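A quick write-up on the structure given underneath.
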Amino acid sequence: MARTIGTNLSAAIGIPPSVIGPQRILGACPHDCPDTCALVTTVVDGVATRVQGNPDHQPTDGVLCAKVSRYPERTYHPDRLLHPLRRVGPKGSGRFERVSWDEALDDIADRLKPIAARDPQGILPYSYCGTMGLVQGEGMAMRFFHRLGATLLDRTICASAGAAGLVHTLGAKVGMKVEFFAEAKLILIWGSNSITSNLHFWRLAQEAKRQGAKLVCIDPRRTETAEKCHEHLQILPGTDAALAFALMHELVANDWLDHDYLARHTLGWDALRERALRWTPERAAAVCGIDAQRIRDLARDYGTIRPAAIRLNYGVQRVRGGGNATRAVASLPALVGAWRHRAGGVLLSSSGWSTADRAATQRPDLLAGRSPRVINMSTIGDDLLREASPSFGPKVEAVVVYNSNPVAVAPDSSKVVRGFAREDLFTVVLEQFHTDTVDYADYVLPATTQLEHWDLHTAYGHTDVLLNRPAIAPVGEARTNTQVFRELATRMGFTDPCFGDSDEAMCRQACGDRIDFQQLLDRGYTALPVPDAPFAEGRFPTASGKCEFFSATLAKQGLDGLPDHLPNYESLGSSPQYPLAMISPPARNFLNSTFVNLQSLRDIEREPVLEIHPDDAAPRGIATGAVVRVFNERGEYHCKAEVSARARPGVVNGLGIWWRKFGLAGTNVNELTSQRLTDMGNGPVFYDCLVDVRAA
Ligand SMILES: Nc1nc2c(c(=O)[nH]1)N[C@H]1C(S)=C(S)[C@@H](COP(=O)(O)OP(=O)(O)OC[C@H]3O[C@@H](n4cnc5c(=O)[nH]c(N)nc54)[C@H](O)[C@@H]3O)O[C@H]1N2
Ligand SMILES: Nc1nc2c(c(=O)[nH]1)N[C@H]1C(S)=C(S)[C@@H](COP(=O)(O)OP(=O)(O)OC[C@H]3O[C@@H](n4cnc5c(=O)[nH]c(N)nc54)[C@H](O)[C@@H]3O)O[C@H]1N2
Ligand code: SF4
Ligand SMILES: [Mo]
């Protein structure tokens, strides 16, 4: 396909675009997905008619997932929010009246000013990765909240435990280059349903399989990915570190070690070796709920097949010991010297390779020496219900939500709902659709989609940077997040020149002088300079320059300096009342809670389901299709049962993340999840949750 884009062409020759036929605008997928695809949007007479994958961009390879292939349907959906709304009904009722932008913004500023005058920390931004863009994400928004001195949000809800684990082992969120998985001879897909959540990696794994590679999946659920691998180790949730230690045990016992790599490029091997020797395959097998022989076989493969690559993913770190489990798994490649080969090593995230300048877009200098309190987004349920206190600071009086749907996605949601239902809480939500969170807003501000704005994207599953150009004019009265915060800044009296920067200028600022903006303008993407085998000669970005089995930083924090297996807070068998463990991984056709309102995708997912093994269903008299009540002391969730071997005995799978209002009895799976936090990174423990199930 030609790289020429219609806008440039028509501008160059001075003919209106419609005269020269469809325009093709280059963009980037904004969603929280490791693949960060390059998009080509076809526009006819100002209307986006098709969104396709850019065939020139290697990681995308011309292919999009089913969700984003339907982007025109999402963009022109009859339920798009098209103008600002003000609440008229009680909170939660979702009843609003239409108002003008000026009325809405004037009133919002008037409500925020007295709170800011008392203490700006009474104002809380709440956002996550509705868009991953550096500009529409935390760009102008953080300039606004930094200038205001509002509470800072610790954005932990997805990946912070794994990130901490990786940083304290490899030194940063870095690892193998994804393209070289195609050359590996052994691939461990660890805590990831790649076909669902990392489709373009799965294509590389298939390529490797065709070249003779062995694929092994490690996952408590028999996912569509697990079914297509040669082996599936269906371990209990939260037992990954035990498995990793038993693999180490076998590598030591059989001397499948790269002694030279261990001696030159690692720190703490003697101590780690000693700990690993306590994890016989039998001991780990009892913890993981699998056969010891399966562990021995996997160790033999990992010790003898070269090159060996691990695609670790965030499924492992949503439990109490998530940071430690990440550290244990990320240690494995150094034992066998897998890093020596470009197709060996581990990849959890590639985001640490990015050279984009986030400080330039977010401007933390606008804090001007203030250090506001920090609230963890994963404990929003408790924190919205807290009174002022010396340790907490002021009560939260206002929340501004953008790029997130906390009422559906945050844990322990009955508390989240109670918090957002507070009559004395002033809530503004910037959204594209009438989500569960919108139901609790005082003001709803209609937001543009990716087809309607500029943005710059780095990736966490490959190492390219992408530019997104607007393909169409904003739909209805929708405005960009940046424009909303610019206008609020003006109304709050902030005159700093940075509030006048255009979105395109902010894309350039994020590139700095290290990312080639001209190349982004010309072809939509550019590669970061990352070595093919980054740790072949050690040189890890840690303080010691080595792969740190032992972390002095963690030890200084009073934590264990070595990785360990930490049992779940709610481990199977620890409560007679709640005999089943529940995990809640994403459904294939939704992206977190995004796309749940698209009829065509909901038709595929049909209804919220709980997968339950026949051995657990039979004694409860539960058959496929029955409405069930899943419950624990935090709440109850109603959904349809699917009696299925996708669930292992003792573990039920509540696929997420439905909007509550599309669920049964107005509930979703986060009624059951807890607000406890991981061992490091202060992340949520969505997959560390005991329940019981009854026919409703
Ligand atoms: N279609 C789709 N794609 C997505 C998303 C989506 O919602 N839908 N979400 C996006 C986001 S925000 C993220 S963070 C990434 C998530 O990326 P991943 O973390 O790779 O997400 P999943 O594919 O859910 O993989 C998690 C897998 O881990 C398994 N699992 C659960 N507990 C454990 C455990 O204790 N140990 C092990 N080994 N496995 C466990 C689950 O059964 C699931 O199959 O995906 C992104 N891509
Ligand atoms: N039980 C359970 N809960 C989970 C998970 C799980 O596996 N199990 N996964 C967790 C994970 S990994 C994550 S990342 C979080 C995800 O949590 P969120 O980041 O809140 O993700 P979404 O549910 O996709 O909500 C994003 C919202 O942003 C909106 N949006 C998109 N683009 C824009 C824009 O440009 N402007 C504005 N204003 N809005 C926009 C979308 O319409 C959407 O409603 O959920 C977590 N919750
Ligand atoms: S959601 Fe993921 S796979 Fe789908 S288009 Fe976006 S980046 Fe690509
Ligand atoms: Mo996530």
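The values are calculated or read from the model by the stated rules, or taken from the named source; none is laboratory data. Everything quoted here is computed from the prediction, not taken from an experiment. Counting neighbours? That spans all protein chains shown, and the Cβs are built from the backbone with ideal geometry, glycine included. Ligands, DNA and RNA are excluded from the accessible area calculation, which covers all protein heavy atoms including side chains. Shrake-Rupley method; radii C 1.70, N 1.55, O 1.52, S 1.80 Å.
Can you say what percent of the DSSP beta bridges in the chain, counting only those with both residues inside, are antiparallel? Round to 5.
Details: 41 of 85 bridges.
About 50 percent, rounded to the nearest 5.
Remark: spin-label model distance R386-Q557 equals 1.9 nm, labels positioned 7 Å along the Cα→Cβ axis.
Among the listed pairs K209/K546; K91/K415; K415/K661; K177/K209; K177/K214; K91/K661, which have their C-alpha atoms separated by more than 23 angstrom in this model? Can you show the working numbers first?
Numbers: K209/K546 32 Å; K91/K415 15 Å; K415/K661 17 Å; K177/K209 18 Å; K177/K214 19 Å; K91/K661 14 Å.
Correct reply: K209/K546.
Percentage of Cα-Cα pair distances in the stretch 228-285 greater than 19 Å, rounded to whole percent? Tail of P(r) above 19 Å: 38 percent of Cα pairs. Only the Cβ atoms of Lys and Arg (+1) and of Asp and Glu (-1) were treated as charged; on that basis the dipole of the chain about its Cα centre amounts to roughly 440 debye. Using only Cα coordinates, the Kirkwood hydrodynamic radius of the chain works out to 26.1 Å. Translational diffusion coefficient of the stretch 580-695 (Stokes-Einstein, Kirkwood radius from Cα pairs, 37 °C, 0.692 mPa s): 229 µm²/s.
Once R0 is set to 51 Å, what does the formula 1/(1 + (r/R0)^6) return for the Cβ-Cβ distance between Q58 and R98, expressed as a FRET efficiency to the nearest 0.05?
Details: r = 46 Å, r/R0 = 0.90.
Efficiency computed from Cβ-Cβ geometry: 0.65.
Accessible surface comparison of Y126, Y569, Y578, probe 1.4 Å, protein chains only, largest first: the order is Y569, Y578, Y126.
By the beta carbon rule, with partners counted only under 4.7 Å, the chain holds these lone Cys residues: C33, C65, C129, C158, C288, C498, C507, C511, C547, C639, C689. Here the simple spin-label model places points 7 Å from the Cα toward Cβ, and for E537 and L82 these points are separated by 6.2 nm. Treating r as the C-beta distance of E227 and S575 and R0 as 35 Å, the FRET efficiency rounds to 0.65.
At a probe radius of 1.4 angstrom, the accessible area of the chain per residue rounds to 34 square angstrom. For D455, neighbours were defined as the other residues whose beta-carbon sits under 13 Å from its Cβ, and their charges (Lys and Arg +1, Asp and Glu -1) total -2. Rolling a 1.4 Å probe over the protein heavy atoms of the chain, with every protein chain left in place, gives an accessible area that is 50 percent carbon and sulfur.
In this calculation the C-beta distance from S69 to S502 is compared with R0 = 41 Å, giving a FRET efficiency of 0.85. Figure legend: label point modelled 7 angstrom from the Cα of D522 along Cα→Cβ; residues of the stretch 29-63 with amide N under 17 Å from it are 56-58.
Are there any helices in the chain, counted as whole DSSP H runs, that stretch 24 Å or more along their axis by Cα and score at least 0.0 on average by Kyte-Doolittle, and if so which? Helices meeting the criterion: none. Only helical runs count toward this figure. For the chain, summing -39,500 (n - 2.57) over DSSP H runs of n ≥ 4 and dividing by all residues gives -8000 deg cm²/dmol at 222 nm.
Roughly speaking, what is the stretch gain from D106 to H259, that is 0.36 nm per residue apart minus the C-alpha to C-alpha distance, in nm to one decimal? Before the final figure, lay out each step's value.
Numbers: separation 153, 0.36 × 153 = 55.08 nm, distance 6.71 nm.
Net length gain for the segment: 48.4 nm.
Per the Debye formula on identical point scatterers at the alpha carbon atoms of the stretch 162-348, with no solvent, log10 I(q)/I(0) at q = 0.10, 0.17, 0.20 Å⁻¹ is -0.33, -1.08, -1.60.
Using 0.36 nm per residue and subtracting the Cα-Cα separation, the extra length available between S414 and D270 on full extension is 47.1 nm.
Pull out the extension gain between D615 and Q206, defined as 0.36 nm times the separation in residues minus the alpha carbon to alpha carbon distance; nm, one decimal.
Numbers: separation 409, 0.36 × 409 = 147.24 nm, distance 3.32 nm.
Extending this stretch completely gives an extra 143.9 nm.
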